Amino acid sequence: MIRLKRQRREALQTRAVVLPPRLIWRQRLMRLLLRNKGIPIGGTLLVVVIGMALAAPWLTHLDPMGLNPRGRLMPPGQLHPFGTDNFGRDVFSRTVWGARLSLEIGFLVAILTAISGTCVGLIAGYFRRLDTSIMRVMDGMMAFPGILLAIALMSALGPSKFNVVTALTMVYIPRLARVIRSVTLSVREMQFVEAAHAQGMSHQRILWRHILPGCLSPLIVQGTFLFAEAVLGEASLSFLGAGTPPYIPSWGNMLGEARAYLRDAPWTMLFPGLSLTVTVLALNLLGDGIRDILDPRLRRG
Amino acid sequence: MFTYTIHRLVLMLPVALVVSTIVFLLLYLTPGDPVGVMLGPDTTEQQKSELRARLGLDQPAHVQLLHWYGRLVQGDLGTSIFLNKKVMLAFLERLEPTFMLTLLALTCGVLIGLPAGILAAKMHGSWFDTVSMLTTITGVSMPTFWIGLNLIFIFAVTLGWLPVAGYQPLSRGVWEHLRYMLMPAFTIGFAQSALLARMTRSMMLDVLSQDYIRTARSKGVAELWVLFRHALRNAMIPLLTTIGLSFALLLGGAVISEQIFNIPGVGRLLIQGVSRRDYPLVQGILLIIAAVYMCVNLLVDLTYALLDPRIRHSD
């Protein structure tokens with residue numbers, strides 16, 4: 001079986017050699033995309049979740065925060081496809097609006113962490129004199145289990161959407177900074193950087209034009225994983241009551257409340273949890289797939 | 001080995017300094033007056049200034065920081081405001097459940113993760129490989145607390161086999177203790193086993209494709225011996241790091257698991273501290289946990305050096 005696969009791969013490779021260069025490139029990309037299952041599956045799932053988040057106002061006319069004390073804990077039915085929770089709020093509309101919040105926070109955290117983590121990593125890796133002190137601070141921040149540092153930061157900052165983004169970003173920066181630093185360390189030893197130096201290029205320009213592009217692919221891969229991590233992080237914080245304020249529909253908040261009603265209303269636990277898992281799974285699959293394509297060291301065959 | 005140990009210990013010092021400074025700064029992140037936040041709105045100015053004096057907040061920041069270091073060197077973590085108890089004492093009282101939970105979860109993670117990873121690597125490309133890898137990526141993506149809620153729903157609410165929540169100390173008998181700990185430990189252990197299985201598989205695949213494995217096989221070494229003696233031993237070093245690093249996952253998971261299953265452990269103490277804004281308590285617990293995490297990783301590094309002499313002598 002394995003030998004057959006190898007023969008087929010070799011056959012494809014020998015054929016590729018005969019083709020003109022541009023076709024080879026395109027064919028290789030197509031082949032990579034086809035062999036890679038993570039990107040199509042993860043991508044499709046993610047598109048569904050994003051679609052749900054964007055179309056939230058049209059998918060449901062029910063107010064996700066609208067209380068209805070007489071319709072508490074109603075099982076899924078015609079009016080409420082996912083049932084209602086302990087305050088009589090519609091679980092479907094809360095789940096749909098929760099997607100918006102999760103993606104919003106996940107995306108913001110990923111972008112902010114990518115920007116600040118890259119800056120820190122570039123500086124630490126490029127200016128060797130600052131390296132030790134910067135990386136010791138990063139090591140110190142990594143000495144806390146992530147979720148605990150986030151909880152502590154939230155307890156100091158107070159509950160709000162903005163503070164969740166701040167806390168999670170601060171927790172994830174060191175990890176990204178480490179990756180970018182190690183890439184910077186290897187790129188700055190390359191000959192083209194030396195050549196740029198010799199030409200009298202400024203540090204800023206070298207960092208921007210020569211080193212940053214080298215960091216791009218790990219940045220994209222790590223960014224995708226950070227997105228997934230941040231979605232989980234927000235949900236965990238909210239579940240513990242240290243995240244998004246309780247009145248805002250968030251999957252973590254919903255699950256935190258559902259805990260007391262497992263016996264009477266399991267649907268309040270099922271739907272937000274399922275959406276959360278699907279979203280994170282989609283991002284993880286996508287990240288795995290992108291890594292296989294962008295990181296030639298891990299590519300097999 | 002002795003020099004290496006000393007070297008590692010010295011390297012830990014600056015990190016410890018940074019850690020304690022971060023924890024100190026937490027209080028300064030609070031917008032406005034932290035004392036007002038701690039005591040709530042209905043307090044007199046006198047009560048506030050008393051607490052401020054007790055916490056040393058009436059002194060300039062750099063003096064406070066020096067005092068903080070001084071106290072830490074003496075092993076004094078301060079006093080909880082609400083429990084009116086030394087933080088260290090409060091921590092020790094709550095240690096047993098958290099310790100047992102982490103230990104059981106680690107056992108759970110290793111017992112599931114390692115065999116699954118080894119088997120998946122051995123049967124690379126088979127249905128077992130596919131199924132276990134699908135399971136692990138789902139396992140990594142599922143939030144810990146949702147796994148816990150599902151377990152409660154299935155095994156406690158629907159089947160009634162295990163208690164919904166709560167805790168029985170070890171002194172009440174091992175079986176009684178385990179009955180309460182099984183679901184909480186599995187909740188955390190599952191995520192860890194998924195991580196370990198993925199790591200084990202890729203490490204074993206790497207090692208199994210090496211020349212010396214082919215040599216061992218061709219000279220007729222038994223397959224099991226090849227797997228465990230030749231391959232696993234070399235895959236073990238990166239795996240140890242993963243286990244060490246995932247210890248953070250365990251500690252974080254313990255906080256969540258204790259919250260779901262109403263276990264009176266350190267995690268619940270921390271969450272209570274957060275919701276009551278008991279800053280000395282939160283700071284103290286955070287410091288202890290960071291210290292434990294750092295020590296575990298130090299132990300991992302030392303074990304590493306013990307297993308692989310190359311690391312000992314490299315720097």
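Coordinate-derived values only; no laboratory data. Every value quoted in this text rests on a predicted model; they were computed, and no experiment measured them. Reconstructed Cβ throughout: ideal geometry from the backbone, glycine too, with neighbour counts over all protein chains shown.
At a 10 Å Cβ-Cβ cut-off, how would you order A:288, B:42, fewest neighbours first?
On the way: A:288 20, B:42 6.
In increasing order of surrounding Cβ atoms, one gets B:42, A:288.
Dipole of the protein assembly as shown computed with +1 at Lys/Arg Cβ and -1 at Asp/Glu Cβ about the Cα centre; of B:149, B:135, B:47, farthest Cα towards the positive end is B:135.
Its Cα gyration tensor gives segment B:122-262 an equivalent ellipsoid, and the semi-axes of that ellipsoid, as √(5λ) in whole Å with the largest first, are 37, 16, 15.
Peptide B:157-170 shows a mean partner chain C-beta count of 1 within 10 Å per residue C-beta. Against chain B, whose longest principal axis comes from its Cα atoms, helix B:61-73 is set at around 60 degrees.
Calculate how steeply helix B:2-29 sits against the longest principal axis of the alpha-carbon atoms of chain B, using the helix alpha-carbon long axis, and give the answer as 0 to 90 degrees to the nearest 10. The angle comes out at about 40 degrees.
Give me the dipole magnitude in Debye, nearest 20, for the protein assembly as shown about the Cα centre, with unit charges on the beta carbon: positive for Lys and Arg, negative for Asp and Glu. Walk me through the intermediate numbers first.
Numbers: 56 positive and 34 negative charges, 481 e Å.
Here the size comes out at about 2320 debye.
Consider all pairwise Cα distances in segment B:56-191 and report the whole-number % of them above 26 Å.
On the way: 4554 of 9180 pairs.
Result: 50 percent of Cα pairs exceed 26 Å.
Just list whichever of B:48/B:85; B:48/B:86; A:161/B:85 have alpha carbons separated by over 22 Å in the model shown.
Details: B:48/B:85 19 Å; B:48/B:86 20 Å; A:161/B:85 33 Å.
Too far apart for the 22 Å limit: A:161/B:85.
Once R0 is set to 35 Å, what does the formula 1/(1 + (r/R0)^6) return for the Cβ-Cβ distance between residue B:209 and residue A:216, expressed as a FRET efficiency to the nearest 0.05? Efficiency at R0 = 35 Å is approximately 0.70. For trypsin sites (Lys or Arg not before Pro), no site in segment A:149-224 is both called loop by DSSP and has at most 14 other Cβ atoms within 10 Å.
So how many Å³ per residue does the convex hull of the Cα atoms of segment A:74-172 work out to?
Values: hull volume 11.3 nm³, N = 99.
About 115 Å³ per residue, rounded to a whole number.
Report, as an integer, the average count of C-beta atoms from other chains found within 10 Å of each Cβ along B:259-267. Could the numbers behind the result be given before it?
Working: counts 6, 5, 1, 1, 0, 0, 0, 0, 4.
The per-residue average across the peptide is 2.
Averaged over the residues of peptide B:287-296, the number of Cβ atoms from other protein chains lying within 10 Å of each residue's Cβ is 3. Here the convex hull built on the C-alpha positions of chain B has a volume of 183 cubic angstrom per residue. With contributions of -39500 (n - 2.57) from each DSSP H run of at least four residues, the per-residue ellipticity at 222 nm computed over chain B stands at -24500 deg cm²/dmol. Listed from fewest to most Cβ neighbours within 10 Å, the set B:50, A:189 follows the order A:189, B:50. By the count of other C-beta atoms within 10 Å, a proxy for reagent exposure, B:20, B:218, B:126 are ordered fewest to most as B:218, B:126, B:20.
Within the straight-line cut-off of under 30 Å between alpha carbons, the lysines reachable from residue A:37 are A:5, B:122, sequence neighbours fewer than 8 places apart in one chain being disregarded. Close amide H pairs (under 5 Å, H built 1.01 Å from N) link residue B:79 with B:87, residues at least 5 positions away or on another chain.
Taking Rh as the Kirkwood radius, which is the inverse of the mean 1/r over Cα pairs, what is the Rg/Rh value for segment A:204-274? Could the numbers behind the result be given before it?
Details: Rg = 19.0 Å, Rh = 14.5 Å.
Expressed as Rg/Rh, it is 1.31.
Placing a label point 7 Å from the Cα of residue B:99 along the Cα-to-Cβ direction, the residues of segment B:278-292 whose backbone N falls under 15 Å of that point are B:289, B:292. Among rounded, prolate and oblate, which fits the protein assembly as shown when a ≥ b ≥ c are the square roots of the eigenvalues of its C-alpha gyration tensor, a/c under 1.5 means rounded, and a/b larger than b/c means prolate? The shape class here is rounded.
How much length, in nm to one decimal, is gained on full extension between residue B:131 and residue B:65, taken as 0.36 nm per residue of separation minus their Cα-Cα distance? Could you put the intermediate results ahead of the total?
Numbers: separation 66, 0.36 × 66 = 23.76 nm, distance 5.37 nm.
Taking 0.36 nm per residue and subtracting the Cα distance, the gain is 18.4 nm.
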